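Scroll down for the structure; my scribbles are underneath it.
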Amino acid sequence: MKTSTWPLAGNLIMRVSPFIITLCLVLASILPIYIQGYPGVLPLLTLMGVFHWAVYKPALLPAYSVFFIGLIHDILHGFPLGVNTVVFLIIFGVVTSQHRFFFGKSFTVVWIGFGIVLAGSILMIWILMSLLNSTLIKVPIILFQYILTLGLYPVLGWCLLRWQKFLLKRV
């Protein structure tokens with residue numbers, strides 16, 4: 001009896017979908033949102049993806065995938081290589097170590113946790129970029145990026161949860 005390869009291919013596609021979705025978030029984050037007085041402020045869409053998968057499906061987005069995503073993010077955004085890579089890996093490690101705390105909690109608790117993680121990651125990025133550029137990055141821009149990213153998280157988080165519940169429930 002011959003076994004069909006379609007179920008195997010479908011399972012593989014479902015298993016790599018968190019990686020592909022997070023790569024798509026990297027590409028989507030290239031498009032800046034222009035707001036008067038805040039030129040080129042970008043929400044940290046990639047960080048949202050890394051956080052979400054670290055909370056809900058950490059086995060489907062392993063650390064080496066996060067490393068690769070961070071490198072692609074740095075290259076496409078023109079950051080010095082390793083800045084976001086290090087931040088994403090640290091955040092991934094922290095969140096996966098707290099997986100039991102986050103898993104099964106209400107969305108509000110996860111959102112508050114994301115706000116704390118986001119604050120830490122923006123602070124790390126701000127420190128690293130200020131040191132590498134030998135100048136301080138303006139704080140209002142960083143605060144606006146924080147507010148923009150935190151405000152967009154419920155929308156993206158809802159979409160990722162829908163994807164996870166409908167397509168990744170068997171994985």
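The values are calculated or read from the model by the stated rules, or taken from the named source; none is laboratory data. Predicted, not measured: the structure shown is a model, and the values here were computed from it. Heads up, the Cβs are rebuilt from the backbone with ideal geometry, glycines too, and the neighbour counts pull from every protein chain shown.
Some points to look at:
- Candidates Phe166, Phe101 - the one that is among the hydrophobic types (A, V, I, L, M, F, W, C), closer than 18 Å to Ile20 by Cβ and more than 14 Å from the chain's Cα centre (by Cα): Phe166
- Residue match in the range 111-128 (condition: out of contact with any Gly (no Cβ under 9 Å at 6 or more places or on another chain), modelled with pLDDT under 85 and in a helix (DSSP H, G or I)): no
- Restricting the range 1-11 to residues that are of a type outside the set (S, T, N, Q) and surrounded by fewer than 12 Cβ atoms within 10 Å (Cβ to Cβ), the residue that is modelled with the lowest pLDDT: Met1
- Breaking point among (1) surrounded by fewer than 15 Cβ atoms within 10 Å (Cβ to Cβ); (2) over 20 Å from Leu150 (Cα atoms); (3) not hydroxyl-bearing (Ser, Thr, Tyr), for Phe103: (2)
- Members of the range 22-57 found to be at pLDDT 90 or above and surrounded by fewer than 20 Cβ atoms within 10 Å (Cβ to Cβ), listed by number: Leu23, Cys24, Leu27, Ala28
- Looking only at the range 58-68, and only at residues there that are within 20 Å of Gly157 (Cα to Cα) and touching a residue at least 12 places away in the same chain (Cβ under 8 Å), the one that is surrounded by the most Cβ atoms within 10 Å (Cβ to Cβ): Val66
- Restricting attention to the range 69-85, the residues that are in contact (Cβ under 8 Å) with a residue 40 or more places away in the chain and buried (at least 16 other Cβ atoms within 10 Å of the Cβ) add up to 6.
- Qualifying residue in the range 61-71 (condition: closer than 21 Å to Ile21 by Cα, assigned to a helix (DSSP H, G or I) and of a type in the set (S, T, N, Q)): yes
- Whichever residue in the range 106-136 is under 16 Å from the mean Cα position of the chain (by Cα) and more than 13 Å from Leu150 (Cα to Cα) and, among such residues, is surrounded by the most Cβ atoms within 10 Å (Cβ to Cβ): Ile125
- Qualifying residue in the range 80-97 (condition: within 16 Å of the chain's Cα centre (by Cα) and not in a helix (DSSP H, G or I)): yes
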